[in-house]
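One structure below.
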Number of protein chains: 4
Amino acid sequence: MSVNTFGRVLRFTTWGESHGPALGAVLDGCPPGIALTEEMIQPFMDARAPGQSKFTTQRREPDAVRILSGVFEGKTTGTPVSLMIENVDQRSKDYSEVAKAYRPGHADYAYDAKYGFRDYRGGGRSSARETAARVAAGAVARLILRQVKITAYVSQIGKDEIDRSAVDFDQIGRNPFFCPDAAAAKRWENLVDEARLAGSSLGAVVECVAENVPAGWGAPVYGKLDADLAGAMMGINAVKGVEIGAGFGAAMLSGEENADPMRAGEGGPQFEANNAGGIAGGISTGQPVVVRVAFKPTSSILTAVDTIGRDGENTQIRTKGRHDPCVGIRGTPVVEAMMALVLADHMMLHRAQCG
Amino acid sequence: MSVNTFGRVLRFTTWGESHGPALGAVLDGCPPGIALTEEMIQPFMDARAPGQSKFTTQRREPDAVRILSGVFEGKTTGTPVSLMIENVDQRSKDYSEVAKAYRPGHADYAYDAKYGFRDYRGGGRSSARETAARVAAGAVARLILRQVKITAYVSQIGKDEIDRSAVDFDQIGRNPFFCPDAAAAKRWENLVDEARLAGSSLGAVVECVAENVPAGWGAPVYGKLDADLAGAMMGINAVKGVEIGAGFGAAMLSGEENADPMRAGEGGPQFEANNAGGIAGGISTGQPVVVRVAFKPTSSILTAVDTIGRDGENTQIRTKGRHDPCVGIRGTPVVEAMMALVLADHMMLHRAQCG
Amino acid sequence: MSVNTFGRVLRFTTWGESHGPALGAVLDGCPPGIALTEEMIQPFMDARAPGQSKFTTQRREPDAVRILSGVFEGKTTGTPVSLMIENVDQRSKDYSEVAKAYRPGHADYAYDAKYGFRDYRGGGRSSARETAARVAAGAVARLILRQVKITAYVSQIGKDEIDRSAVDFDQIGRNPFFCPDAAAAKRWENLVDEARLAGSSLGAVVECVAENVPAGWGAPVYGKLDADLAGAMMGINAVKGVEIGAGFGAAMLSGEENADPMRAGEGGPQFEANNAGGIAGGISTGQPVVVRVAFKPTSSILTAVDTIGRDGENTQIRTKGRHDPCVGIRGTPVVEAMMALVLADHMMLHRAQCG
Amino acid sequence: MSVNTFGRVLRFTTWGESHGPALGAVLDGCPPGIALTEEMIQPFMDARAPGQSKFTTQRREPDAVRILSGVFEGKTTGTPVSLMIENVDQRSKDYSEVAKAYRPGHADYAYDAKYGFRDYRGGGRSSARETAARVAAGAVARLILRQVKITAYVSQIGKDEIDRSAVDFDQIGRNPFFCPDAAAAKRWENLVDEARLAGSSLGAVVECVAENVPAGWGAPVYGKLDADLAGAMMGINAVKGVEIGAGFGAAMLSGEENADPMRAGEGGPQFEANNAGGIAGGISTGQPVVVRVAFKPTSSILTAVDTIGRDGENTQIRTKGRHDPCVGIRGTPVVEAMMALVLADHMMLHRAQCG
């Protein structure tokens, strides 16, 4: 099974390194006849793109997507959609330090242990730059899922959480943090800027809600919708935790508190709570699908950290150059993309079996 | 892709319902020449088996595993290992209530929404009884992984956590809770018994540590070891959250706090912390692999809960009969099994690519 | 990818050895709500079963199928259908010769080279007995494909071909050879009996026609309907060649001769020839799907053949015991089963992508 | 499962249409540390490239491969190798006729039946141009397989076969037909030229031999080496038949004639015949792996053929423009590529399971 491929029926394969000529995704299994242009993908790329505010890395990549195949006369043909993004800002930089020593928290040591050597320029294949390809593929998945509305937002930076009573989805696009709480966004300006100026970094939690998912998507046991979402989210760079619905909080509830009672309603049951996060037994219930994702602080910091060199000797390393003080922010469009890709895949898988 | 199959190179497929004649797993891709008998699997079955104490369901299933294929003269042949467990305690019971109304928190409504009808006897395919097949397959995976030591334990029941300074792995087998902290185990006796007597239920957190995993297992991007573990764990019945290493806690750390510095050591680097949980960039680092899994309280409670019937009408349902007051307890051997299956799969996948 | 699993969306996994306690298939992805009983599968088992005439092996296996899961109240539930067939006629036999020396043409040497040892009793996993599990799974696939009519027959035994002008499908069930030409069936009685009495064996060609396959099943490039059929058929024991439509004959035609001209017709085009065998570009055209499969003579013959022993020494071996003088005959229901499984899989895959 | 992806452990995905901007392959699972440059791939591209003699299509494509990822400092890194080939000779042409009517024997009608419409320019995704991507991927696979020698050649054009006693592999590169028999190559000049001048076309048979494949590659039942080869070869454009070893000829042999006796030899058994084509029970025996592939005559001919239009009306179509009079010729490097890809995949799969 291809380790650079994701999905069951709607499948995409990504390729490319941070500092190679380009990176891309090949999306296979896309239904035919869907209107698709580069312009329909670009806004999602722009949301993820670096350099949009002082709170994200200053690397400047236009992240312009080219569609190389699978579209004819503006519509998908049902054959593979090849999406390519050229790497533009490959600033010629001195990588000799990273080549020689392992940055703690990065994949440097693990890649060397696995493959014997690595492309050390900008993290190579382990760079979060790979997620640009996911966002491009996810933009197509959204077109397949037309009725589903997917919204991700940052709910916490460091220890500072949003006020859930103040959540307003209209706020998400109005601040550089994908924050649905205007007051929190205001506070985060200082918080993130301080980390940035100190050469430090912050973790974050991103939540994602998918509305209008019909009941019945998902599958038993090893094709559970929540299991596939968990794998999808944990596979995003810097993610260390995933929750569905009440998540770890559910471990502290009693059965009575955790119940999601149902009442008769039009067009299906009305649920009086959503601790399940819209999924029971691995299958959607018709409630909003709710996922929460923990991003660690980026490991690239200006403080020197103890490490070892390629020859095993003790040394220290500081990460110079342009970095995100809080990778969770730019992770938000990636979480949305993975949600879209998992849901579109399960929509089609459900159709295969149940017609 | 088969939704009842798990794995990449070492793959297993499970089948069977709670109240059918039997259930089983077919494990494919197992290396040849591994000594394997039914007796080597049975202790893991017994650890998961119901009816072992008053703190778990009183359903009595011997869960005796039969090996039907893939073993010759006591050794695996490299062909599929078929493992079958007969269902013995299919108490003839009145399921008419469950047939007519959906139990909130259970898969009843979702299965009906997907398939149009369901085998409602004991939860059918969505029953946690399916996990017996995983434990059987996991027991074989452990034999493939001989050098790796996998230990899972309950670290929290309800809101009551273990004292991490008191953790002693030798305690795990000495109490009915897989608890490594003797004092906590003592407290939990009352806690769980109260829930049991009240017909209520409790959530739990299970932690799992895999020691002696060499650096280099795992793969980039969509075959990440942590992503596969997250999918594996979230696919266990009643699980709502998964963390690797510092998990959601990492979201609250600074980059400096979250760093896992390295120092030169014999046989590879010595890490001064393990916030990463033994995985960086999706690939093992040689540190212990640490996973934490949140189990919700079982939805089967004696209190009547609002729900709807198959015809959409309002009604209420109480779950009668024998149930686990805290499913996380018996989930512990299942977490170990999934850890073993993911690791053995990645060991073999690594060997395929890197020799 | 599981090497004992077949299919893309409708997937089945088989397990079991010739002389183990049982063998079986787990069919996953089956649509829900299909009426299914053991009685509906059994006739296909009987067609493949040994011991039905003197022209096939005298091993006597009732090949009674048990459905262990996935069916409730007589209908498929959408969860895995586990089918088990017990091995009854495990005549206690002296396998010491086969254990020590490799039977040429059998898998003995290759299995030892791969796995280091093998289950030598009756061929173990490489026994054609495995095909019983395929026939059981195929019987379910036929129920999914209700409108499609699948017919396989023997068109040639040794060098003796049927007369195509005399083909009458009604004859197929009236002779022990699945022969659609009554005169050929008559001739084959002598032909096969002579081989049987001489302890020799004969090859055969089996043809299979699937009628009422709608245009549009199949997929480009690596999911071609003909490629999947070729893989499916070549994977049947003793098969050495597969043709679609005009097959190798097409290599001798000119472009003009090979054309399948179309004329306007009701319900789609009328084709004036079917050299394509119902598939163009890997996708069905609405014409009958036509496959031809070459079976080698069974390698089990009474004549001593030069071989080597497990320790590499020169020796000879004769295959004693009960064997098919012409394995192609009993291969006929297996070819039908594989046709049904490939078509049902592609029907569902098409539905996934194209709705 | 991705229908534009091939392989089990070493997997490649191709994308691109005949007249789009480019086409390509993403090869995943490639072992790290293999020396790889564009120059090492190009000779295989050139062998397949059109316009090399008057016996193949006059379309002129340089088929220059670019490596976009997965290689660092001249060696594979173990991450996806993205290979891209730009389409250069997209002669602006009038496709209005092909857009309106279905070319018999082409995929036109089937694609429309499946997807509702199609990219009709030059055959779109169903064009044999896709095979350029396979050849590029196959060139990498050969580097993985270093000890294996793969040789394909044309053994028959139309009804004219080579003389097997005159086969000399050194001749293959000395004529425009990949023909190992100098006299046959001479005859074919007239044969193919006549077809070309008449606007007709010819079928062909391509044989492929892989030497030095060790015993033990392959797998039981649904991962058989011969089954995977059959699927791989039948999936090449215009292929209608596949044989392993004696193939359809084996159907006419007796068990005695078909036996491949073994004698003790150095480094494994010496076989006295190779009717099995190097594979028994789906697993390699150490003998040369021998596959034979039948190509139909290309359906693009100058003679008008009856067909129907998109609206179902009767019409006729002639294929104008540049075409191969015998597609089997340029299919030869594609057969080699698919052989290499299947073998490298099974080498790695074997290593996964058996170490």
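The values are calculated or read from the model by the stated rules, or taken from the named source; none is laboratory data. Just so you know, these numbers come straight off a predicted model, no measurement behind them. Neighbour counts run over all protein chains shown; Cβ positions are idealised from the backbone, glycine included. Remember, those area values only see protein heavy atoms, side chains included, never the ligands or the DNA or RNA. Shrake-Rupley method; radii C 1.70, N 1.55, O 1.52, S 1.80 Å.
How many of the residues making up the stretch A:115-172 are among the hydroxyl-bearing types (Ser, Thr, Tyr), more than 29 Å from residue A:346 (Cα to Cα) and part of a strand (DSSP E or B)?
Going through the stretch A:115-172 one residue at a time, the tally reaches 0.
Residue pairs, Cβ under 6 Å, 6 or more apart or interchain, first in the stretch A:152-169 and within 10 Å of chain B (Cβ to nearest Cβ) and of a type in the set (Phe, Trp, Tyr), second assigned to a loop (DSSP other than H, G, I, E, B) and open to solvent by 60 Å² or more (accessible area, probe 1.4 Å). List them.
none
Out of (1) closer than 21 Å to residue B:281 by Cα; (2) surrounded by fewer than 24 Cβ atoms within 10 Å (Cβ to Cβ); (3) polar (S, T, N, Q), the odd one out for residue A:151 is which?
Failed condition: (1).
Considering each of D:83, D:68 in turn, give the residue that is in contact with a strand residue (DSSP E or B) (Cβ under 9 Å, 6 or more places away or on another chain), more than 7 Å from every other protein chain (Cβ to nearest Cβ) and at pLDDT 95 or above.
Going through D:83, D:68 in turn, just one is in contact with a strand residue (DSSP E or B) (Cβ under 9 Å, 6 or more places away or on another chain), more than 7 Å from every other protein chain (Cβ to nearest Cβ) and at pLDDT 95 or above: D:83.
For residue C:69, indicate whether it is crowded, with 24+ Cβ neighbours inside 10 Å and in a loop (DSSP other than H, G, I, E, B).
yes
Could you list, in sequence order, all residues of the stretch A:90-114 that are outside any helix (DSSP H, G or I), facing another protein chain (nearest Cβ under 7 Å) and without any contact (Cβ under 8 Å) to a residue 24 or more places away in the chain?
A:107
Consider residue C:218 against the criteria (1) touching a residue at least 24 places away in the same chain (Cβ under 8 Å); (2) in contact with a strand residue (DSSP E or B) (Cβ under 8 Å, 6 or more places away or on another chain); (3) open to solvent by 10 Å² or more (accessible area, probe 1.4 Å): it satisfies all of them except one. Which criterion is unmet?
Status for residue C:218: all satisfied but (3).
Name every residue in the stretch B:23-63 that is among the β-branched types (Val, Ile, Thr) and touching a residue at least 40 places away in the same chain (Cβ under 8 Å), in order of residue number.
B:26, B:34, B:41, B:56, B:57
Here's the yes/no breakdown for (1) at negative phi; (2) open to solvent by less than 10 Å² (accessible area, probe 1.4 Å):
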site: A:7; (1), (2): no, no
site: A:23; (1), (2): yes, yes
site: A:35; (1), (2): yes, no
site: A:39; (1), (2): yes, no
site: A:44; (1), (2): yes, no
site: A:48; (1), (2): yes, yes
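A quick yes/no check of all residues on (1) open to solvent by 10 Å² or more (accessible area, probe 1.4 Å); (2) assigned to a loop (DSSP other than H, G, I, E, B); (3) away from chain B (no Cβ under 14 Å):
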position: A:180; (1), (2), (3): no, yes, yes
position: A:184; (1), (2), (3): no, no, yes
position: A:187; (1), (2), (3): yes, no, yes
position: A:190; (1), (2), (3): yes, no, yes
position: A:194; (1), (2), (3): yes, no, no
position: A:200; (1), (2), (3): yes, yes, no
position: A:207; (1), (2), (3): no, no, no
position: A:213; (1), (2), (3): no, yes, no
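Only residues that are in contact (Cβ under 8 Å) with a residue 60 or more places away in the chain and touching an Asp or Glu at 6+ places or on another chain (Cβ under 6 Å): list them for the stretch B:76-89, please.
B:85
Please pick out the residue among A:250, A:337 that is touching a strand residue (DSSP E or B) at 6+ places or on another chain (Cβ under 7 Å) and modelled with pLDDT of 95 or more. Spell out the reasoning first.
Values: A:337 fails: touching a strand residue (DSSP E or B) at 6+ places or on another chain (Cβ under 7 Å).
One residue alone meets the criteria, A:250.
Go through the residues of the stretch A:273-296 one by one and say whether even a single one is free of Cβ contacts under 8 Å to residues at least 40 places away in the same chain and at the interface with another protein chain (Cβ under 7 Å from one of its Cβ atoms).
Yes - at least one qualifying residue is present in the stretch A:273-296.
Looking only at the stretch B:1-22, which residues are more than 7 Å from every other protein chain (Cβ to nearest Cβ) and in a strand (DSSP E or B)?
Within the stretch B:1-22, just B:12 meets the criteria.
Please go through the stretch C:27-41 and pick out each residue that is among the β-branched types (Val, Ile, Thr) and closer than 15 Å to residue C:73 by Cβ.
C:34, C:37
Can you tell me which residues in the stretch B:122-146 are closer than 23 Å to residue B:287 by Cβ and either away from every other protein chain (no Cβ under 14 Å) or in contact with a Lys or Arg (Cβ under 6 Å, 6 or more places away or on another chain) (or both)? Talk me through it step by step, then tell me what you get.
The initial filter retains those residues of the stretch B:122-146 that are closer than 23 Å to residue B:287 by Cβ, namely B:138, B:141-142, B:144-146.
Within the stretch B:122-146, just B:142 meets the criteria.
Among residues belonging to the stretch C:72-121 that are crowded, with 21+ Cβ neighbours inside 10 Å and among the small types (Gly, Ala, Ser), point out the one that is nearest to residue B:115 (Cα to Cα).
For the stretch C:72-121, the residue satisfying everything is C:78.
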